[in-house]
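Inspection log for the structure reproduced underneath, given as structure tokens.
The values are calculated or read from the model by the stated rules, or taken from the named source; none is laboratory data. What you are looking at is a predicted structure, and each value in this text was computed from that prediction instead of being measured. Positions of Cβ are backbone-derived with ideal geometry, glycine not excepted, and every protein chain shown enters the neighbour counts. Please note that ligands, DNA and RNA were not included when accessible areas were found on the heavy atoms of the full protein model with its side chains. Shrake-Rupley method; radii C 1.70, N 1.55, O 1.52, S 1.80 Å.
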Amino acid sequence: MQGLLPDHVATLAINISYLLVAFLFMMGLKAMSSPVTARRGIVVAGVGMLIGTVMSFLYPGMGNFALMLAAIAIGGGLAWWSGRIVAMTDMPQMIALYNGMGGGAAAAIAAVELLRMASADPVAAAAEHGPVVTALATTGAFIGTVSFSGSLIAFGKLQGLIKRSFRFKGQQIVNLLIVGATLALGASIVISAHPTMQTVVLFFALALILGVTMTLPIGGADMPVVISLYNAFTGLAVAFEGFVLENAAMIIAGIVVGSAGTLLTQLMAKAMNRSLGNVLFSGFGEGAAAAAEGVTGALKPIEASDAGVMMAFAQKVIVIPGYGMAVAQAQHKVWELCQLLIDKGVMVRFAIHPVAGRMPGHMNVLLAEAGVPYDLIADLDEINAEFDTADVALVIGANDVVNPVARTDKGSPIYGMPILNADKAKNVLVIKRGQGAGFSGIENHLFYLDNTRMVYGDAQKVAAELIHAVKAAG
Amino acid sequence: MEGVIALYIVMLAAFTGYEIIARVPVILHTPLMSGSNFVHGIVLVGAMVALGRADTVLEQVIGFIGVVLGAGNAVGGYVVTERMLQMFKASGQKNQKKKEPA
């Protein structure tokens with residue numbers, strides 16, 4: 001097939017452009033490490049992507065350009081539209097979805113390669129790829145496919161399409177059997193160098209099923225770990241397929257994302273004081289019910305009007321948002337309340353736990369959307385020393401991340417998890433929808449403390465009442 | 001590509017990725033994750049090659065799906081990251097969403 005340029009010129013141009021792409025990606029990610037330059041960072045990386053995509057049309061020996069343009073228009077168009085309209089509170093599932101698409105694309109690249117091997121005659125198949133390349137293609141296919149189906153399940157759960165966590169006895173054994181069977185099939189593909197069509201299809205089917213069965217039992221509060229893990233998976237899958245296609249841009253970008261995603265996954269798991277294996281292979285909350293004793297005192301409700309007065313006359317208020325704030329879409333009202341307090345001379349800070357919400361940094365995005373300046377937002381390490389000096393800790397829809405048993409009760413499933421020390425504040429106000437326990441099913445001792453008052457109701461409604469009360473307090 | 005050279009690339013890229021994210025403040029974890037989610041959208045160019053070289057109908061179908069997914073990853077990842085990052089503002093900066101204090 002005749003390209004626009006002579007083959008060697010086109011190849012050189014593409015390789016140089018990929019060098020530029022890799023450079024721009026690095027610059028972009030680097031710029032994202034500060035809130036001041038972050039926005040420039042994504043634009044820089046975007047320019048890199050555009051250059052890479054346009055130059056890739058010049059590959060020698062390519063056809064199907066009409067199909068290609070149509071596919072880009074469909075995929076890009078739908079993603080553009082969905083990305084523009086999605087609410088900030090729904091961001092975790094959109095990121096899971098786009099991530100799954102990347103994993104699926106990597107798997108599709110591998111599928112084309114493996115099917116070509118299957119359909120070619122044995123000699124030609126062996127000549128096409130050595131065992132190393134086949135092994136890389138197969139590994140990438142495995143990881144990418146798991147990331148694809150796993151991310152789609154994560155999307156379904158976060159979107160509320162899948163409401164239950166499916167668990168049954170022996171689930172881990174079933175998962176391990178599927179892993180074993182998939183790896184065995186993968187190995188047979190690599191060794192035979194000329195797999196049958198059935199083997200390849202079965203291999204992909206099993207990998208798809210594995211992603212589903214791995215993700216279904218994982219609960220909502222573990223989603224930050226899962227999303228960052230699948231992000232790393234997709235990155236690695238892209239890198240592996242980059243080897244197969246001898247595409248340096250894919251290798252570099254994939255590995256950078258894989259390593260960054262691995263680090264982020266570790267950070268998230270550490271913030272829950274759990275190992276990655278524990279998140280993936282054990283249902284949270286098992287055996288937690290037994291640890292519910294030892295609660296002394298009672299839940300003491302308070303009217304929003306009194307709570308408002310308490311805050312209006314405080315010197316320092318620390319706000320601790322959690323997933324409940326996101327569900328109630330209360331971030332705008334909460335900031336309105338805080339602005340009122342600030343105008344009254346109250347010092348207001350926001351304390352964010354690393355795993356609050358459903359993805360890393362979920363709360364920060366919501367607060368930013370409401371207009372909260374990022375210098376008012378503090379993370380766990382910065383803020384924990386300040387609770388001693390706070391008059392009010394306002395907990396909005398957060399639960400396990402402020403439960404003091406994580407510090408004290410060795411028998412508790414969340415023992416050792418770093419928490420926000422809300423209990424050290426002079427007064428604790430908890431906005432909560434009902435009286436139930438948190439995601440983990442563990443009783444929260446914070447709610448029973450002498451200096452804690454509960455404000456029951458939807459976070460948005462309560463915030464509105466608090467605003468009213470603060471205004472009335474003059 | 002030479003196998004050993006490719007390994008060099010992998011090692012250097014892995015360290016780079018680690019170093020870049022290790023210094024990112026916690027408040028930027030979401031945009032960073034979503035930014036790296038965008039970056040692996042480069043899989044689009046691989047999918048384009050797979051589709052461009054497809055001969056049989058089956059290969060074309062799979063390649064087509066691959067390009068749709070890859071384009072979705074790249075474009076979607078860009079749009080949401082950009083939307084999130086443009087919301088981050090410091091105290092001094094003007095924010096059009098700021099409500100009038102009563």
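Descriptive notes on the structure:
- Members of segment B:64-91 found to be touching a Gly at 6+ places or on another chain (Cβ under 8 Å), part of a helix (DSSP H, G or I), without any contact (Cβ under 8 Å) to a residue 40 or more places away in the chain and over 16 Å from residue A:80 (Cβ atoms), listed by number: B:65, B:66
- Condition broken by residue A:428, with the remaining ones in (1) in a helix (DSSP H, G or I); (2) more than 25 Å from the chain's Cα centre (by Cα) satisfied: (1)
- Checking each residue in segment A:35-60 for being open to solvent by 40 Å² or more (accessible area, probe 1.4 Å) and either modelled with pLDDT under 90 or of a type in the set (D, E, K, R) (or both) picks out A:36, A:39, A:40.
- When segment A:72-95 is filtered for residues that are more than 7 Å from every other protein chain (Cβ to nearest Cβ), part of a helix (DSSP H, G or I) and over 21 Å from residue B:45 (Cα atoms), the ones remaining, listed by number, are A:81, A:85, A:88, A:89, A:90, A:92, A:93.
- Selected residue (criterion: most open to solvent (accessible area, probe 1.4 Å)) from residues of segment A:338-380 that are more than 9 Å from every other protein chain (Cβ to nearest Cβ) and of a type in the set (D, E, K, R): A:344
- Qualifying residue in segment A:196-206 (condition: outside any helix (DSSP H, G or I) and open to solvent by 10 Å² or more (accessible area, probe 1.4 Å)): yes
- Any hit, segment B:71-81, residues being open to solvent by 20 Å² or more (accessible area, probe 1.4 Å), more than 17 Å from residue A:56 (Cα to Cα) and at pLDDT 90 or above: yes
- Checking each residue in segment B:52-66 for being crowded, with 23+ Cβ neighbours inside 10 Å and either more than 7 Å from every other protein chain (Cβ to nearest Cβ) or within 19 Å of residue A:233 (Cα to Cα) (or both) picks out only B:66.
- Of all residues making up segment A:255-280, the number that are surrounded by fewer than 24 Cβ atoms within 10 Å (Cβ to Cβ), closer than 29 Å to residue B:8 by Cα and aliphatic (A, V, I, L, M): 3
- Residues of segment B:46-63 that are hydrophobic (A, V, I, L, M, F, W, C) and closer than 27 Å to residue A:359 by Cβ: B:47 alone.
- Any hit, segment A:392-401, residues being in contact with a Phe, Trp or Tyr (Cβ under 9 Å, 6 or more places away or on another chain), assigned to a helix (DSSP H, G or I) and away from chain B (no Cβ under 14 Å): yes
- Residues that are of a type in the set (Ser, Thr, Tyr) and within 7 Å of chain A (Cβ to nearest Cβ), drawn from segment B:1-51: B:16, B:18, B:30, B:34, B:36
- Taking the criterion of being part of a strand (DSSP E or B) and open to solvent by 10 Å² or more (accessible area, probe 1.4 Å), the residues of segment A:299-337 that qualify are A:301, A:316.
- Residue count for segment B:1-45 satisfying the condition of being modelled with pLDDT of 85 or more, of a type in the set (Gly, Ala, Ser) and either in a loop (DSSP other than H, G, I, E, B) or open to solvent by 20 Å² or more (accessible area, probe 1.4 Å) (or both): 1.
- Taking every residue in segment A:17-29 that is closer than 20 Å to residue A:57 by Cα and pairing it with any residue that is surrounded by fewer than 24 Cβ atoms within 10 Å (Cβ to Cβ) and among the hydrophobic types (A, V, I, L, M, F, W, C), at least 6 positions away or on another chain, the pairs with Cβ-Cβ distances below 7 Å are A:17/A:51; A:17/A:55; A:18/A:248; A:20/A:51; A:21/A:51; A:22/A:248; A:24/A:44; A:24/A:47.
- Qualifying positions in segment A:184-195 - of a type outside the set (S, T, N, Q), without any contact (Cβ under 8 Å) to a residue 60 or more places away in the chain and surrounded by fewer than 17 Cβ atoms within 10 Å (Cβ to Cβ): A:184, A:187
- Single residue of segment A:240-254 satisfying the filter (under 19 Å from residue A:145 (Cβ atoms) and within 7 Å of chain B (Cβ to nearest Cβ)) that is most open to solvent (accessible area, probe 1.4 Å): A:243
- Residues of segment A:18-34 that are open to solvent by 50 Å² or more (accessible area, probe 1.4 Å) and either more than 8 Å from every other protein chain (Cβ to nearest Cβ) or on the phi > 0 side of the Ramachandran plot (or both): A:19, A:20, A:23, A:27.
- Residues located in segment A:158-172, provided they are on the phi < 0 side of the Ramachandran plot and either crowded, with 24+ Cβ neighbours inside 10 Å or over 26 Å from the mean Cα position of the chain (by Cα) (or both): A:169
- Taken together, A:348, A:355 contain a single residue that is part of a loop (DSSP other than H, G, I, E, B) and either touching a strand residue (DSSP E or B) at 6+ places or on another chain (Cβ under 9 Å) or closer than 24 Å to residue A:92 by Cβ (or both), which is A:355.
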